[in-house]
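What follows is calculated from the coordinates using simple rules that are stated; it is not laboratory data. Fair warning: this is a prediction, and the values are worked out from it, not measured in the lab. So basically every Cβ, Gly included, is an ideal-geometry build from the backbone, and we count neighbours across all protein chains shown.
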Amino acid sequence: MAPSARPVHRRSLLRALGGGAAAGALAGCGVPAAYIAPDERSAGDRSAKDGALTFANWPLYIDTDDKDKTRRPSLDAFEKRTGIDVRYTEEINDNDEFFGKISPSLMNHQETGRDLIVISDWMCARFVRLGWVQEMDRSRQPNVTKYLDPLLRSPHFDPGRKFTVPWQSGITGIAYNKRRLGREIRHVSDLWADDLKGRVTLLSGLDEAFALLLQGDGVDVTRWKADDFHRMCDRIEELVNSHHIRRFTGNDYIKDLSSGDVLACQAYSGDVIQLQADDPDIEFVVPEEGAELWAESLMIPNLARHKRNAERLVDYYYDPEVAAELAAWVNYVCPVPAARDVLASAKDKELAALAEDPLIFPDDAMRERLAIARDITPKERTEFAKRWNALAGL
């Protein structure tokens with residue numbers, strides 16, 4: 001178990017008016033014919049007779065052996081313990097792209113060939129609304145029931161997490177170079193100071209960017225309204241027109257911040273851990289008015305043939321020992337706070353140090369400022385994406 005290279009490109013851009021338009025339109029309009037009723041979502045479960053499971057995930061989002069990249073120690077241990085053969089695929093590179101890939105099967109009441117998938121929660125919301133995923137049986141998941149972080153237990157789109165379980169979590173906050181800037185950043189409004197004109201970037205994806213900016217305006221993002229969104233956009237439009245905001249970015253903000261072209265930016269907590277290893281002057285800030293806590297979650301698609309096996313794998317990763325092994329490799333916010341004690345007791349100093357990293361295990365002061373934003377509804381999405389994409393130049 002050892003820290004390794006950071007996964008990238010998971011918080012992918014919303015492309016509702018671009019390459020992902022078809023997927024966005026389908027989910028955004030809530031096409032009645034696409035909705036699947038609860039009694040039509042399950043298939044005959046083969047788990048008892050067929051010890052198999054197909055698990056689709058993002059690239060570089062699970063621990064691998066440093067000497068043999070084809071080995072995944074935590075997954076190998078699950079297979080050995082249970083006798084379940086896991087077909088693990090790294091086929092998810094973009095939320096909208098994956099939606100488009102499996103939506104024809106789901107809307108037509110057909111199997112996807114996958115028992116477990118991981119996508120960003122804002123996209124999970126679409127699947128849940130459309131009735132394309134099955135409710136998990138928590139009686140078979142004692143670890144999830146006991147150890148899931150209370151902050152992640154009840155997002156707006158899935159109260160009580162009946163259909164989704166976080167794989168990993170993260171924070172959208174502010175990263176900046178403290179030495180080059182020469183001062184601290186404590187508020188979102190600090191980004192708009194004169195000494196940062198032309199040296200600030202924001203995230204280009206609507207779903208990735210909007211919550212932190214609303215929080216900067218003092219909005220409770222668990223219950224924000226359309227007026228809040230448009231007021232925030234009015235402010236961002238002024239900053240774009242005055243050339244205060246340098247540009248809108250995907251994960252390439254990492255390069256801008258490292259080179260010094262940008263002094264401060266919207267950023268993901270997981271990325272900053274890697275940046276700090278190369279440049280200790282880079283800081284990550286959860287602003288005093290708050291920051292967005294997000295997750296990428298596990299779901300069981302409709303008609304999955306190995307539902308019980310999938311539920312068993314989900315619960316396995318909520319064992320604190322296993323969660324600690326995964327957290328030490330991916331370096332995102334761990335959705336199992338109890339894994340912190342596991343790492344703290346490690347004999348390896350690097351592993352023990354991870355237990356004290358607030359970007360993996362947020363401390364109490366940071367946790368008080370984190371919130372899961374209310375998701376954008378299908379009715380809102382077309383209007384909001386059009387306005388945001390015009391600002392971001394998408």
*Rg (Å, one decimal) plus Dmax (Å, integer) for the alpha carbons of the stretch 54-172?*
15.3, 43
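What relative contact order, as a whole-number percentage, does the stretch 248-354 give when Cα pairs under 8 Å and 6 or more residues apart are counted?
Details: 57 pairs, mean separation 17.7, N = 107.
Dividing the mean separation by the residue count of the stretch 248-354 yields 17 percent.
Quick one: which of 80/307; 69/162; 67/347; 69/347; 101/307; 80/101 span more than 26 angstrom between C-alpha atoms? Please report the intermediate quantities before stating the final value.
Values: 80/307 19 Å; 69/162 34 Å; 67/347 21 Å; 69/347 24 Å; 101/307 21 Å; 80/101 32 Å.
Over 26 Å Cα-Cα: 69/162; 80/101.
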*With axes computed from alpha carbons, what is the tilt in degrees of helix 73-82 against the longest principal axis of the chain, rounded to the nearest 10 within 0 to 90?*
20 degrees
*Tally Lys/Arg at +1 and Asp/Glu at -1 over every other residue whose Cβ is under 12 Å from the Cβ of residue 44; what's the total?*
+2
*asked:* How tilted is helix 95-107 with respect to the longest principal axis of the chain? Cα atoms for both, answer in degrees (0 to 90, nearest 10).
replied: 40 degrees
*Global form of the stretch 283-370, assessed from the alpha-carbon gyration tensor, a/c cut-off 1.5*: oblate
*So what's the gap between the Cα centers of the stretch 186-204 and the stretch 102-172, to the nearest angstrom?*
35 Å
*For residue 178, go through the lysines and keep the ones whose alpha-carbon is under 29 Å away, minus same-chain ones fewer than eight residues off.*
197, 255, 349
*Out of all DSSP beta bridges with both ends in the chain, state the antiparallel percent to the nearest 5.*
60 percent
_Distance between modelled label sites at residue 223 and residue 183, nm, 7 Å Cα→Cβ extension_ = 3.5 nm
*asked:* Suppose each label sits 7 Å from its Cα in the direction of the beta carbon; what would the residue 371-residue 346 distance come out to in nanometres?
replied: 3.4 nm
_Restricted to Cα positions, what overall size does the stretch 220-276 have along the principal axes? Three whole-Å values, descending._
37, 30, 15
*So what is the orientation-averaged projected area of the stretch 117-212, using the convex hull of its C-alpha atoms, in nm²?*
8.5 nm²
_Rel. contact order, % - alpha carbon contacts under 8 angstrom, at least six apart, the chain_ = 28 percent
